[in-house]
Amino acid sequence: MSRIFVTGGSGRLGRSVVAGLAAAGHEVVSVDRDAIPADQLPAGVVQETGDLLAPGEALRLLRETGPDAVIHLAAIAVPFSAPEDVIFATNTRMAFAVISAATELGIGKIVTASSPTVLGYGSPAGWLPDSFPLDERSTPKPWNAYALSKLIAEQTVAMFAAAQGTKIRYAAFRPCYVISPEEWEGAPTQQGHTLAERLADPALSAPALFNYVDARDVADFLEVLLQKMDTIPNGETFFVGAADALATAPLAELMPRFLPGSEALAAGLTGTSPAFSIAKARQLLGWEPKRSWRTELKTATTLNDETSARLVSAGSGAKETS
């Protein structure tokens, strides 16, 4: 068992990460500006509140709690949800403050959250990748402050890894479109519509290239990553996503409808293949996502019979062709 310091622990992803790490037997320190009710905290979780942008606050909290590892999730998490300069300053300053403070204290394992948006899809000027599926070798082309701030968080990790050698282990990860457990039951996603609606109307998932990941699978990934950090190259970045696409038809058919010029690039995305590859996490860490919309959405109680039958049927058909 180890003590893990998780920033942004009250957020959509943070709650699942905190719960998952606690369930795995770790002592977790959840840090956020906003506390959640104490009766909602899993056993083994200590909650701390603080403004990580305040000078010295990250250092104080880390020194007082004495963790073995740090997972930095805290950020303005939605592009364009605040002025661009605020998003950029908040996310980059916070990442640097947490990573540098943890480094100063000699905490052995430091992980920061990035985002697939660093690749630049959705640019109003147009965007096409070099190839599909997208992976960690794909060229980043951020076009907004959120994506740029996340790329800088990755580069901050790489900078400290270069300076520290193997004394401290660092990593970054890019979680795909995060789905929290309650959203499988019909709660609205970040965009305000439900998962059933995203599946029924491909135009809703197309801006994110049909990517997604269950928040509990992210927690599982982080638990494995922390176990393996001493055995992999320092400063690595990983995509963390589901093993399939958030779509009821193959992306080879859907992608050209929403990404002009992608017909040849997307031709290999047949069956249930996602646009984002998790091969690196599989190969270096042995991690495998456990959850899919094809299994999780079947238990949703808020779907009407017609929609549920259509989605389950589409999911079963797509699974057979994978």
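Per-structure values
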{"quantity": "Rh by Kirkwood over Cα pairs, then Stokes-Einstein D for the chain at 0.890 mPa s and 25 °C, µm²/s", "calculated": "122"}
{"quantity": "The stretch 31-71 and the stretch 170-196: distance between their alpha carbon centers, rounded to Å", "calculated": "23"}
{"quantity": "Packing-based order for 65-74, 237-246, 86-95, using average beta carbon neighbours within 10 Å, highest first", "calculated": "237-246, 65-74, 86-95"}
{"quantity": "Extension gain (nm, one decimal) between residue 193 and residue 231, 0.36 nm per residue minus Cα-Cα", "calculated": "9.6 nm"}
{"quantity": "If the convex hull is drawn through the Cα atoms of the stretch 256-298, its volume per residue in Å³", "calculated": "102"}
{"quantity": "Overall dimensions of the stretch 1-94 as given by Cα atoms, namely Rg and Dmax in Å", "calculated": "13.4, 41"}
{"quantity": "Helix axis angle, 84-104 relative to the chain longest principal axis, alpha carbon, degrees", "calculated": "50"}
{"quantity": "Alpha carbon centroid spacing (whole Å) that separates the stretch 224-261 from the stretch 263-291", "calculated": "5"}
{"quantity": "Order by protection proxy (mean Cβ within 10 Å, highest first), peptides 9-22, 180-193", "calculated": "9-22, 180-193"}
{"quantity": "Protection proxy ranking, peptides 26-33, 277-284, average beta carbon neighbours within 10 Å, highest first", "calculated": "26-33, 277-284"}
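Rule-based calculations on the coordinates, nothing more; no lab input. Remember, predicted model here, so these are calculated numbers, not experimental data. Virtual Cβ from ideal backbone geometry, glycine too; neighbours counted across all protein chains shown.
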